[in-house]
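Nothing in this text is a laboratory measurement; each read-out follows from the coordinates by a stated rule. Since we're looking at a predicted model, the values are computed, not measured. Quick reminder, even Gly has a Cβ in these numbers, built from the backbone with ideal geometry, and neighbours come from all protein chains shown.
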Amino acid sequence: MIKSKAITDQNVDVAAASFLADPQIGPYDIASGHRVNLAAAVAGHDLARQVAANSEASPGVKRAAMLTAISLARVEKAIALLH
């Protein structure tokens with residue numbers, strides 16, 4: 001995802017913090033014109049899914065797992081609807 005240069009490390013960091021604050025979060029505008037489903041990204045990454053479900057995992061481990069899952073996630077271009 002970051003290879004496209006449209007998404008920065010900071011964008012991914014903020015997205016991970018958003019997921020950790022609300023694990024039920026779904027589609028998320030990660031950068032201008034780009035969207036990723038955070039819940040699907042975590043659910044689709046084995047380690048991140050296990051860490052997210054582990055109440056004993058440290059905040060640092062959770063953050064690292066979420067960063068990895070989101071970095072590997074499929075990003076979609078957001079489409080603006082014209083009225």
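Once P(r) over Cα pairs in 10 Å bins from 0, in percent is worked out from the coordinates, which option in [x] 18, 38, 33, 11, 0; [y] 19, 53, 22, 5, 1; [z] 18, 61, 20, 0 does it equal?
[y]
I'd like the Karplus ³J(HN,Hα) series for region 11-24: coefficients 6.51, -1.76, 1.60, θ = phi - 60°, whole numbers in Hz, and an x wherever there's a Gly or Pro.
4, 5, 4, 5, 5, 4, 4, 5, 5, 5, 6, 8, x, 8
Give the long-range amide H neighbours of ILE30: residues separated by 5 or more places, or on another chain, with amide H under 5 Å away, using H modelled in the peptide plane at 1.01 Å from N.
Close amide H contacts, sequence-distant or interchain: ARG35, VAL36.
With runs of 4+ DSSP H residues as the only contributors, calculate the mean residue ellipticity of the chain at 222 nm using -39,500 (n - 2.57) per run, divided by the residue total and rounded to the nearest 500.
Result for the chain, helices only: -14500 deg cm²/dmol.
What's the local net charge at ASN11, with K and R +1, D and E -1, over the other residues with C-beta under 12 Å away?
Counting the neighbours of ASN11, the net charge comes to -1.
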